[in-house]
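Only one structure is covered here, and it is reproduced in the block below.
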Amino acid sequence: MRNISLLDHELIPKHEILATDELQTVLNHYQIDKEQLPKIKSSDPIIQEIGALEGDVVKIIRKSQTAGEGLYYRLVIK
Amino acid sequence: MDAMASIPKRVGEIRFGLLSPREVRKMSITPIITADTYDDDGYPIDMGLMDMRLGVIDPGLICKTCGSRAGDCPGHFGHIELVAPVIHVGFNKLILKSLRSICRNCSNFLLEPQRKNEYLEQLQQLKIMGHSTDDLVNDLFKEARKTKVCPHCNEEQVEIKFEKPSDYIENGEKLTPTEIRERFENMSDDDVRLMGMDPSNARPEWMILTVLPVPPVTVRPSITLESGQRSEDDLTHKMVDIIRINQRFQENREAGAPQLILEDLWELLQYHVTTFFDNEVSGVPPARHRSGRPLKTLTQRLKGKEGRFRGSLSGKRVNFSARTVISPDPNLSINEVGLPYAIAKQMTLPVNVISRNLEKMRQYVARGNDVHPGANYVIRADGRRIKVTDVNCTDLAEKLDIGWVVERQLQDGDIVIFNRQPSLHKMSIMAHHVKVLPYKTFRLNPAVCPPYNADFDGDEMNLHVLQTEEARAEAEILMKIQENILSPRFGGPIIGGIHDHISGMFLLTRTDNDISKNDALDLLRKSHIRQLPEPAGYRDDGEPYWTGKQIFSQLLPDDLNLEYVAEVCFKCDECDRENCENDAYVIIENGELITGTIDEKGIGAFKGHIVDKIVKEYGSTKSAEFIDDMTRLAIRAIMRSGLSFGISDEDIPKEAQMHISEIISNAEDEVKRLIEAYEARELEPLPGRTLDETIEMKIMQKLGVARDKTGDVAGNHLGLDNSAVIMAKSGARGSMLNLTQMAASVGQQAVRGERIRRGYTGRTLPHFSKGDLGADAHGFVKSSYKSGLNPTEYFFHAVGGREGLVDTAVRTSQSGYLQRRLVNALQDLEVQYDGSVRETRGVIVQFKYGEDGIDSTKSDYSNPETIHSIVKSVTGKEVEQ
């Protein structure tokens, strides 16, 4: 039914599902388990739009006042 | 035991519930049956309130239960078997709700079995999800109360009324605690669950007490008065009352006393148990001590600001601290704090005696506790503490040996922590080196006032003496003043010149002072400079002279290069840079001030570019030295000519005054014309504004311009030879606006950004006609502070002034609460070595601190263009913007 894409909105940063190998490098870099990442609910509209499933990790590219572009990773949970 | 204690344990869950009678008996070491405490020999009576099995508080005695001494024995509970059940006051509300939602006959929850199952399921669901069940349980109570006939036994339900303090009335008759307890006892486990309770931890009948735990004596220690008499704790008194009534009740019942007497006694028992728990229940007269003072019972111990939670657990108190008034001493280094002798003699620091300091420590001890760097205590190798006195000091000094500890008095150079409340940022607590001085105040260099936000109008500050080497090392490296010159808030210096330092530097470097050799040496006398540079020239009589810029340059590092625009800059359309006619473009080459005036932008706290550059390029020790020297030089410079301000400094010539009144009357005429246009409906409204708003805005704007113009006129007549102008332009104190208000015109008074309109209907004061829109009727003050305000002006000024006061009062309380919430939310976050921000479980909050991973104290005022100056310093070429 939806005919607009949330990602087109100026205030919504770019979200993408992280590939497994990329996820591994991120987890290795910070030396953490997946559970130690920040979380996002699977019911979140943007998660539903990009079709991420529970247990996936999404990579978020945000505009940042200080750094121009900031990277963020969030684990999709129930 | 020690090995066990060091293993950290994790709290898995906390279970809350009610104490069951069985549990009370199980944890009890003995029943308490007599109300007497001690026998004639002063020995505690067995099974009395002071039974030795309940724990010990007197030193030397051994606990009969655990065998440990006072201090180690945690205390043990006893219990009292109540002859008749009584209600626990804390649960009155819940008891009422429960009574109303169960059947008076069969004790079933007043719901259809099917509804019950539905609700049970929902409760289960909520519990799994970890949500609160409170709302659902409340709905349940409400629904059950509406049921008029029990669905299980068809018994008709009667409304139950609650009467203070703890009576439940059904059909006009009081329900006895026994009856209530019976009803609760008959409830099934599932029905208990419906009430939001877990039947294994909390059954409703446990809200009616049949057995009362007796707190250990450690909870209610008795004190021995000087007369040798024992004075018991309030709780003990209360327990005595309970036991007495309990016994009387039993005796009367066994003797077959009439029901009426028994009921009275029962009520009395209820009263004593109630006040034992809470002595401030509404509807119950508080139990009093013989002297008439209300007793402090269990609830009173926990509740409120001085209660166990806010007073004892959250509030910490410390030893080794001192507090007194602060006052300034510009001759101290910024790293120092002046400590009165009286305090230095009281405060100590432990020193372990080793072979290499044995002799030295002997000297401290030998001086005793009254000659300044002395010692107050020594601790022998066996741990015994001995006070050093005049009598035993020589003796102790002789006996002093390796392995002892000497508690030595504070002396010059010791590191201490200094703090001023409110401690809003990390610079509110910093480390200083001690300098012991006479008199009774803490002395500090005025340059460190900004981080503490201190002044000397009676402020007091706290000082703490660090007791371990680790703490002292940490304070030295992290907390010393010089390590906190840069504020992480804006990446610039928060310590630098203030007030007179800025005025002094301005006077010194502004004009080409010619300074004789004597004066030059005097100016630099307090700094570390020991040599004068080549003189700038020779006077006609052959005497050499130096310029102020040269003198200042002596303090700068030899290879410092810096360029910036000074505070005095007039913001001309085109900048002449080094040829600036106002001497407002500062160029420092190889540590030499070539052009420009040193003012707030150079050496001020918050804005000082030179201080900033020196910290970032030459380190903290060098900067502390620079600030010390610079402030001393500035003070000598300001004393050379002196800087004072008096009422005559606000004088402006007659023609200027006329010019000012002309400007104001012109503005008033313009306002009058605007009003005429408005009344003739000729005024065009501004886009998006009503006509009323438009005229208000236009009037405000006209009067604002007029005030500025009068300020300019006054400013033109008060040149840079006026001390107030010097202070305003150099950024030392005050502004040109302040000066305008003093000399020319105070201007429009406003409430909430609008002209003053409140007061009587249609007018602000009865001095004006209704509907007058004129300037003077709405708070325009055309007088200056010097000329004096007329009565209406004075009134409007008070109206506007009050808003400012209310604003500050409201803002501080609001921002304080905001800060508290922020700190509570963020206190456990930590920046890790990899730059990520994590909380205690290791969950990442931010992948890179601030998204760019930058420590703001290491960036130039958080300005990304810092790179330009770095490139310039390396290549020597200006970077194209």
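The values are calculated or read from the model by the stated rules, or taken from the named source; none is laboratory data. Just so you know, these numbers come straight off a predicted model, no measurement behind them. Quick reminder, even Gly has a Cβ in these numbers, built from the backbone with ideal geometry, and neighbours come from all protein chains shown.
Just to be sure before I move on: is B:Y794 at pLDDT 90 or above, away from chain A (no Cβ under 14 Å), under 30 Å from B:R752 (Cα atoms) and surrounded by fewer than 17 Cβ atoms within 10 Å (Cβ to Cβ) in the structure I sent?
So B:Y794 fits the description; yes.
State all residues of the stretch B:317-362 that are touching a strand residue (DSSP E or B) at 6+ places or on another chain (Cβ under 6 Å), farther than 30 Å from B:D629 by Cα and among the basic types (K, R); if no residue qualifies, say none.
Residue satisfying the conditions is B:K345 alone.
Kindly indicate whether any position in the stretch B:267-278 is over 29 Å from B:P59 (Cβ atoms), touching a helix residue (DSSP H, G or I) at 6+ places or on another chain (Cβ under 9 Å) and part of a loop (DSSP other than H, G, I, E, B). Write out each step before concluding.
Initially, the stretch B:267-278 is screened for residues over 29 Å from B:P59 (Cβ atoms), giving B:267-275, B:277-278.
Retained after the next criterion (residues that are touching a helix residue (DSSP H, G or I) at 6+ places or on another chain (Cβ under 9 Å)): B:268-275, B:277-278.
Next, only the ones that are part of a loop (DSSP other than H, G, I, E, B) stay: B:278.
Within the stretch B:267-278, one or more residues are over 29 Å from B:P59 (Cβ atoms), touching a helix residue (DSSP H, G or I) at 6+ places or on another chain (Cβ under 9 Å) and part of a loop (DSSP other than H, G, I, E, B).
Only one of these is on the phi > 0 side of the Ramachandran plot and assigned to a helix (DSSP H, G or I): B:G619, B:G602. Name it.
Selected residue: B:G619, the only one of B:G619, B:G602 that is on the phi > 0 side of the Ramachandran plot and assigned to a helix (DSSP H, G or I).
Quick check on my filter: what residues within the stretch B:834-843 are farther than 19 Å from A:T66 by Cα and either out of contact with any Asp or Glu (no Cβ under 8 Å at 6 or more places or on another chain) or facing chain A (nearest Cβ under 7 Å) (or both)?
Step one: filter the stretch B:834-843 for residues farther than 19 Å from A:T66 by Cα, giving B:838-843.
Hits for the stretch B:834-843 are B:R841, B:G842, B:V843.
Does B:I80 satisfy the condition of being within 30 Å of B:N252 (Cβ to Cβ), part of a helix (DSSP H, G or I) and in contact (Cβ under 8 Å) with a residue 40 or more places away in the chain?
no
Determine whether A:I50 is within 14 Å of chain B (Cβ to nearest Cβ) and under 11 Å from the mean Cα position of the chain (by Cα).
Numbers: within 14 Å of chain B (Cβ to nearest Cβ): no; under 11 Å from the mean Cα position of the chain (by Cα): yes.
So A:I50 fails the test.
Select from the stretch B:658-703 the residues that are under 30 Å from B:H717 (Cα atoms) and of a type in the set (G, A, S) and list them in ascending order. Step through it out loud before you land on a result.
At the first step, the residues of the stretch B:658-703 found to be under 30 Å from B:H717 (Cα atoms) are B:658-672, B:698-703.
Passing the criteria: B:S661, B:S665, B:A667.
Are any of the residues in the stretch B:312-328 touching a helix residue (DSSP H, G or I) at 6+ places or on another chain (Cβ under 8 Å), part of a loop (DSSP other than H, G, I, E, B) and surrounded by 13 or more Cβ atoms within 10 Å (Cβ to Cβ)?
Taking the stretch B:312-328 and keeping what is touching a helix residue (DSSP H, G or I) at 6+ places or on another chain (Cβ under 8 Å), we get B:322, B:324, B:328.
Keeping just the survivors that are part of a loop (DSSP other than H, G, I, E, B) gives none.
No - not one qualifying residue is present in the stretch B:312-328.
Consider B:V871 carefully, then state whether it is modelled with pLDDT under 85 and away from chain A (no Cβ under 14 Å).
Against the criterion (modelled with pLDDT under 85 and away from chain A (no Cβ under 14 Å)), B:V871 qualifies.
Of everything in the stretch B:346-364, what is surrounded by 19 or more Cβ atoms within 10 Å (Cβ to Cβ) and within 22 Å of B:F418 (Cβ to Cβ)? Give them in sequence order.
Listed by number, the residues that qualify are B:M347, B:T348, B:L349.
Name the pairs: first residue in the stretch B:726-742 and at positive phi, second residue of a type in the set (V, I, T) and at pLDDT 90 or above, Cβ to Cβ under 9 Å, at least 6 apart or on different chains?
Pairs that qualify, where the first residue is at positive phi and the partner is of a type in the set (V, I, T) and at pLDDT 90 or above, are B:G731/B:I502.
Search the stretch B:533-555 for residues being in a loop (DSSP other than H, G, I, E, B) and under 19 Å from B:I598 (Cβ atoms), and hand back the single one that is modelled with the lowest pLDDT.
Among them, the one singled out is B:A536.
Enumerate the pairs (first residue in the stretch B:670-697 and under 18 Å from B:G774 (Cα atoms); second residue anywhere and acidic (D, E) and surrounded by 11 or more Cβ atoms within 10 Å (Cβ to Cβ)) with beta-carbon separation below 8 Å, excluding pairs fewer than 6 apart on the same chain, so at least 6 apart or on different chains.
B:E696/B:E754
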